[in-house]
Amino acid sequence: MVTWPWLVPGPLVVDEIDGLSALIEALSAHGAMVVLDEVTVAGVPCDPFALCAGLSASAPVPLGVLARVDGRRLPTVLGRELIALDHVSEGRCGVVLVGEQPALAECERILSAMCHDGAVEGSASSAMPAPFHFENRPGPTRQGGPPVVVVDQKVGRASHGGAEVGVLEPPDGWWDERAMLAAPSGLVVRQGALGPSPSRWRP
């Protein structure tokens, strides 16, 4: 069962890793999961999967990753990184996939197949450059794997397991308690954080 809301601050710039930990600590009072996008620490771009893996043991809430389905990472690579994070965090993680159809649907299908027993296969598509066929090992910590929320940028809708998920983008103070009460069953997103060129934010 997925607990909401998930807080999505978007790209972040922090002076040191302790600053990021402090931000996660502050947000933990308002959300069930903090979802990290691109993060720059002391001027160095850091991979959100690696950051979540490193911070998962000390974070007061589960940590998730926002992954853009834009060709920078193949769905099979995303799946392996998500499963690795799932093991490191002992099942306390999730992912938000952001993109457009049909690549978004194919990425979701591949991640789902990787989190279940059996073959993972498909043809070349807008998400994958060539046909593929393999059995994913190891699998996630539990059958079905971490929760995956899919956000279709073109239509502005989010879903989890086929069910619609609410998305709230409050104009000011996106972690404000009033925003949390307004979005008890979805994502609370800093304005612009899901866009193709989201604004950066220095906490």
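Would you say Asp70 is under 23 Å from Val167 (Cβ atoms), in contact with a Gly (Cβ under 8 Å, 6 or more places away or on another chain) and surrounded by fewer than 16 Cβ atoms within 10 Å (Cβ to Cβ)? Yes, satisfied. Looking across the stretch 111-160, the residues that are crowded, with 19+ Cβ neighbours inside 10 Å and touching a Gly at 6+ places or on another chain (Cβ under 6 Å) come down to Leu111, Met114, Cys115, Pro146. Taking (1) part of a loop (DSSP other than H, G, I, E, B); (2) touching a strand residue (DSSP E or B) at 6+ places or on another chain (Cβ under 8 Å); (3) under 25 Å from Pro9 (Cα atoms); (4) modelled with pLDDT of 90 or more in turn, Trp175 satisfies each apart from (4).
Quick grid of which residues meet (1) at pLDDT below 95; (2) under 18 Å from Leu36 (Cβ atoms); (3) in contact with a His (Cβ under 7 Å, 6 or more places away or on another chain); (4) not polar (S, T, N, Q):
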site: Arg73; (1), (2), (3), (4): yes, yes, no, yes
site: Val77; (1), (2), (3), (4): no, yes, no, yes
site: Val95; (1), (2), (3), (4): no, yes, no, yes
site: Ala105; (1), (2), (3), (4): no, no, no, yes
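Candidates in the stretch 82-106 are the residues that are acidic (Asp, Glu) and surrounded by fewer than 18 Cβ atoms within 10 Å (Cβ to Cβ); of these, the one that is nearest to Ser123 (Cα to Cα) is Glu100. If you go through the stretch 94-122 and keep only what is without any contact (Cβ under 8 Å) to a residue 60 or more places away in the chain, touching a Pro at 6+ places or on another chain (Cβ under 6 Å) and over 13 Å from Thr76 (Cα atoms), you end up with nothing. A search for C-beta distances below 6 Å between a residue of the stretch 148-162 that is touching a residue at least 60 places away in the same chain (Cβ under 8 Å) and closer than 13 Å to Val2 by Cβ and any residue that is surrounded by 10 or more Cβ atoms within 10 Å (Cβ to Cβ) and among the small types (Gly, Ala, Ser), counting only pairs 6+ apart in sequence or on different chains, returns Val149/Ala158.
Somewhere in the stretch 4-16, is a residue within 17 Å of His160 (Cβ to Cβ), of a type in the set (Phe, Trp, Tyr) and in a loop (DSSP other than H, G, I, E, B)? The answer is yes; a qualifying residue exists. Within the set Gly79, Gly64, the sole residue that is in contact (Cβ under 8 Å) with a residue 24 or more places away in the chain, in contact with a Gly (Cβ under 8 Å, 6 or more places away or on another chain) and either surrounded by 23 or more Cβ atoms within 10 Å (Cβ to Cβ) or within 20 Å of Gly10 (Cβ to Cβ) (or both) turns out to be Gly64.
The values are calculated or read from the model by the stated rules, or taken from the named source; none is laboratory data. Please read these numbers as outputs of a predicted model, since none were measured by experiment. Glycine also receives a Cβ, built like all others from the backbone with ideal geometry; neighbour counts cover every protein chain displayed.
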